[in-house]
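Encoded as structure tokens, the structure appears first; notes follow it.
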Amino acid sequence: MKRLAILISGRGSNFEAIAASVAGGTIPAEIAVVISNRPAAPGLEIARRLGILSVVIPSKGLDREVYDRLVLDELDRHQVDLVCLAGFMRLLSAQFIRHFPQRILNIHPSLLPAFPGLDAQSQAFEHGVKITGCTVHFVDEHLDAGPIILQSAVPVLDNDTVETLAGRILAEEHRIYPRAIRIVLAGAYEVVGRRVILS
Ligand code: GAR
């Protein structure tokens with residue numbers, strides 16, 4: 001059985017969607033550990049409720065390399081096969097990424113490469129795009145930049161607010177992240193340049 005780690009910083013709704021797919025058997029894996037860099041992350045309560053091991057490794061005040069070493073040690077202790085960033089609001093160092101080559105996934109609430117970085121839903125809304133969405137991609141050393149596994153498009157409606165738009169994007173995130181994890185665990189893809197070809 002493959003072992004997942006989920007890294008969170010906040011609400012944890014993507015973690016919860018992944019956990020539901022694991023519990024329902026559509027992701028053939030177990031969640032070995034949930035790691036939060038913020039002690040107050042509401043997602044930790046979800047882990048407790050679901051009986052999933054969670055660990056807080058506070059990042060405040062630590063250099064990136066020092067922090068990433070602590071997280072890597074924790075991941076190694078749990079013999080993790082795949083790392084899923086789920087609202088984990090930190091950049092990872094090169095040493096971290098080299099440790100898990102093509103074994104770190106991220107979800108981002110825009111159609112990358114549009115609107116990387118923070119508050120992607122607001123960026124899209126304020127830019128006035130008519131279509132946005134979400135992206136699951138492999139993590140490389142650049143921000144929100146690695147090869148794209150799945151995307152889902154969400155129309156921006158004339159009567160949307162940022163909140164209503166973000167809500168519809170989030171529903172798509174919860175749909176495509178578990179699917180992408182299943183694809184990667186099954187090895188049902190090939191990376192050709194930047195393209196992830198699904199088989
Ligand atoms: C999600 O919308 C996720 O796509 C976004 O943070 C939110 C976390 O929500 N991630 C990023 O913006 C990463 N650049 P969640 O904690 O409820 O899953």
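I'd like the full set of residues that are among the charged types (D, E, K, R) and under 14 Å from Pro109 (Cβ atoms), limited to region 161-195.
Matches in region 161-195: Glu163, Arg168, Glu172, Glu173, Arg175.
Name the residue that is farthest from Asp76 (Cα to Cα), counting only residues in region 1-24 that are out of contact with any Asp or Glu (no Cβ under 9 Å at 6 or more places or on another chain), assigned to a helix (DSSP H, G or I) and near the ligand (Cβ under 10 Å from one of its atoms).
Once the filter is applied, the top-ranked residue is Glu16.
In region 1-28, how many residues are of a type outside the set (Lys, Arg) and either over 18 Å from Ile183 (Cβ atoms) or in contact with a helix residue (DSSP H, G or I) (Cβ under 6 Å, 6 or more places away or on another chain) (or both)?
17
Among residues belonging to region 129-158 that are in contact (Cβ under 8 Å) with a residue 12 or more places away in the chain and more than 21 Å from Arg195 (Cα to Cα), point out the one that is nearest to the chain's Cα centre (by Cα).
Within region 129-158, the match that is nearest to the chain's Cα centre (by Cα) is Val154.
Criterion first (touching a residue at least 40 places away in the same chain (Cβ under 8 Å), more than 24 Å from Arg168 (Cα to Cα) and either away from the ligand (no atom under 15 Å from the Cβ) or surrounded by fewer than 17 Cβ atoms within 10 Å (Cβ to Cβ) (or both)) does Ala32 satisfy it?
When the stated conditions are applied, Ala32 passes them.
Which of the residues spanning region 114-140 are in contact with a Pro (Cβ under 7 Å, 6 or more places away or on another chain) and within 12 Å of the ligand (Cβ to nearest atom)?
Of everything in region 114-140, those that are in contact with a Pro (Cβ under 7 Å, 6 or more places away or on another chain) and within 12 Å of the ligand (Cβ to nearest atom) turn out to be Ala120, Gln121, Cys134, His137.
Being more than 12 Å from the ligand (Cβ to nearest atom) and of a type in the set (Asp, Glu) is the filter here, so list the residues in region 141-162 that pass it.
Once the filter is applied, which keeps residues that are more than 12 Å from the ligand (Cβ to nearest atom) and of a type in the set (Asp, Glu), region 141-162 yields Glu141, Asp158, Asp160.
If I go through region 47-58 residue by residue, how many of them are surrounded by fewer than 20 Cβ atoms within 10 Å (Cβ to Cβ) and within 15 Å of Ser9 (Cβ to Cβ)?
Matching residues across region 47-58 total 4.
Looking at (1) over 30 Å from Leu198 (Cβ atoms); (2) assigned to a helix (DSSP H, G or I); (3) not hydroxyl-bearing (Ser, Thr, Tyr), can you tell me which one Pro39 breaks?
Going through (1) over 30 Å from Leu198 (Cβ atoms); (2) assigned to a helix (DSSP H, G or I); (3) not hydroxyl-bearing (Ser, Thr, Tyr) one by one, Pro39 breaks only (2).
From the residues in region 48-87 that are assigned to a loop (DSSP other than H, G, I, E, B), of a type in the set (A, V, I, L, M) and in contact with a helix residue (DSSP H, G or I) (Cβ under 8 Å, 6 or more places away or on another chain), which one is farthest from Ala17 (Cα to Cα)?
The qualifying residue farthest from Ala17 (Cα to Cα) is Leu62.
Values in this text are rule-based calculations from the coordinates and carry no lab data. Quick caveat: nothing in here was measured; it's all calculated off a predicted structure. Cβ atoms come from the backbone with ideal geometry, glycine included; neighbour counts cover every protein chain shown.
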